[in-house]
Amino acid sequence: MHTSDCRLVSTIGLTALAAVLLTSATVFGQAPSTAAKPTGAAKASTPPRTADGKPDLQGIWSNATVTPLERPKGLGAKEFYTDEEFAKLASRVRQGDFGEEAELGAARDNPLRYDISIYGGFDPSKASFAPNKRTSLIVGPEGRVPPMLPEARKRNADRAALNKEHEFDSYENRPLSERCILMAQERIPMMPGAGEGNLLQIVQGPGWVALLHEIDHSTRVIPTDGRPHVPQNVRLYQGDSVGHWEGNTLVVDTTNFTNLTNFRGSSEKLHLIERFTRTAADSMNYQFTVEDPATWDKPWTAEIPWTTTQGPVYEWACHEGNSMITTILKGARVADQEAAKKSGK
């Protein structure tokens, strides 16, 4: 069994989703936002404090959710479900009918993953998810990622065309996730998972906050001591993150991405602002705002509810020795040789 399969079966409590969803109105009840500014500042309780007096965000968190990133088109500008609508949705989810209103990630049916339904942790109708009444994680009346600018579409098309028919030339032509450098769920902004690799541990110290992600045991160490960003000529896959506190909220500003980061087609001009607000002892509101003038004509914001989990965060091994890359490239060389023989070269 894959390392993450073992972790999931032993770690995530398989409580009935219906119970979680149907109690969410009191635990996670939210009012529609009216301000253009991100709504993560919504009604946070007074959090405990660390030894240096900062809000204590520490713990092991899960961001599993069945709320989709983008709002289903049939819902128009509807930002929140009513109690009755939410109860009906909960009933459907309990029966395994997710429709398009679910961001199931790794828990979706996948013919290449035989264990999805065998192991209970991968059964989305039984796994525990953080609920909210939003119709989409993206906030606002549109509820969708803004249309990509024409120049951004061309940029991404040109990049794809450059690699076409060269996908197996070298390891450098393979995706970062396939090379175990940067997996989808450890990328920032941190998108939700549902059933696999969605645990995150936060540890704080004076002037620092560290986020240990289950996927690839990736760790972000974020300074909160007021330092500036590194020089613009320093470029990083995950950008350069610096944090500061606004009341009870940790605000993390990230710039200096590479042109290979490509979050939903973004460029190296990507600018990300994340907000972490503990709303109760067992819940956190994670919010991010994406800005990239070379990709979209306006910023867009999403909110993802997090819940505490007991953990621990076990090791998640991408590949033991990452033999997949060598196997893929060896297979490609064999195919090249066979093609050369057929052509008489």
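The values are calculated or read from the model by the stated rules, or taken from the named source; none is laboratory data. Keep in mind it's a predicted model, so treat the numbers as computed, not measured. With ideal geometry, Cβ positions are generated from the backbone for all residues, glycine too; neighbour counts draw on all protein chains shown. To get the accessible areas, we keep the full protein, side chains included, count just its heavy atoms, and leave off ligands, DNA and RNA. Shrake-Rupley method; radii C 1.70, N 1.55, O 1.52, S 1.80 Å.
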For segment 199-218, give me the residue count where each residue is closer than 18 Å to M183 by Cβ, touching an Asp or Glu at 6+ places or on another chain (Cβ under 7 Å) and outside any strand (DSSP E or B).
4
Mind checking which pairs have a first residue in segment 44-73 that is within 30 Å of T135 (Cβ to Cβ) and a second that is in a strand (DSSP E or B) and of a type in the set (D, E, K, R), Cβ under 7 Å, 6 or more apart or different chains?
A44/R278; P47/R278; P55/R49; P55/R278; L57/R278; T67/R134
Report the residue count in segment 288-323 for those that are open to solvent by 70 Å² or more (accessible area, probe 1.4 Å), modelled with pLDDT under 90 and out of contact with any Cys (no Cβ under 8 Å at 6 or more places or on another chain).
4
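Residues being in a helix (DSSP H, G or I), under 22 Å from L69 (Cβ atoms) and either open to solvent by 30 Å² or more (accessible area, probe 1.4 Å) or at pLDDT below 80 (or both): count how many of those fall in segment 79-97.
Taking segment 79-97 and keeping what is in a helix (DSSP H, G or I), we get 83-94.
When the remaining residues are screened for being under 22 Å from L69 (Cβ atoms), the result is 85-86, 88-90, 92-93.
Those left that are additionally either open to solvent by 30 Å² or more (accessible area, probe 1.4 Å) or at pLDDT below 80 (or both): 85, 88-90, 92-93.
Of the residues in segment 79-97, 6 are in a helix (DSSP H, G or I), under 22 Å from L69 (Cβ atoms) and either open to solvent by 30 Å² or more (accessible area, probe 1.4 Å) or at pLDDT below 80 (or both).
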Taking interchain pairs and intrachain pairs at least six residues apart, which have beta carbon atoms under 9 angstrom, with the first residue in segment 333-345 and part of a helix (DSSP H, G or I) and the second aromatic (F, W, Y)?
R333/F168; A335/F168; D336/F168
Expected output for segment 293-322 (first residue assigned to a loop (DSSP other than H, G, I, E, B), partner open to solvent by less than 70 Å² (accessible area, probe 1.4 Å) and among the charged types (D, E, K, R), Cβ below 6 Å, 6+ apart or cross-chain) is V313/E214; Y314/R7; W316/E214; C318/D216
Kindly list the number of the only condition in (1) among the aromatic types (F, W, Y); (2) more than 16 Å from I304 (Cβ to Cβ); (3) touching a residue at least 40 places away in the same chain (Cβ under 8 Å) that fails for F288.
(2)
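Out of V234, V242, V145, V221, I need the residue that is touching a strand residue (DSSP E or B) at 6+ places or on another chain (Cβ under 8 Å), without any contact (Cβ under 8 Å) to a residue 24 or more places away in the chain, among the hydrophobic types (A, V, I, L, M, F, W, C) and part of a loop (DSSP other than H, G, I, E, B). Which one?
Working: V242 fails: part of a loop (DSSP other than H, G, I, E, B); V145 fails: without any contact (Cβ under 8 Å) to a residue 24 or more places away in the chain; V221 fails: part of a loop (DSSP other than H, G, I, E, B).
After ruling out the rest, the residue left standing is V234.
State all residues of segment 246-262 that are of a type outside the set (S, T, N, Q) and open to solvent by 20 Å² or more (accessible area, probe 1.4 Å); if no residue qualifies, say none.
So in segment 246-262, the residues of a type outside the set (S, T, N, Q) come out as 246-247, 250-253, 257, 260.
E246, G247, D253, L260, listed by residue number.
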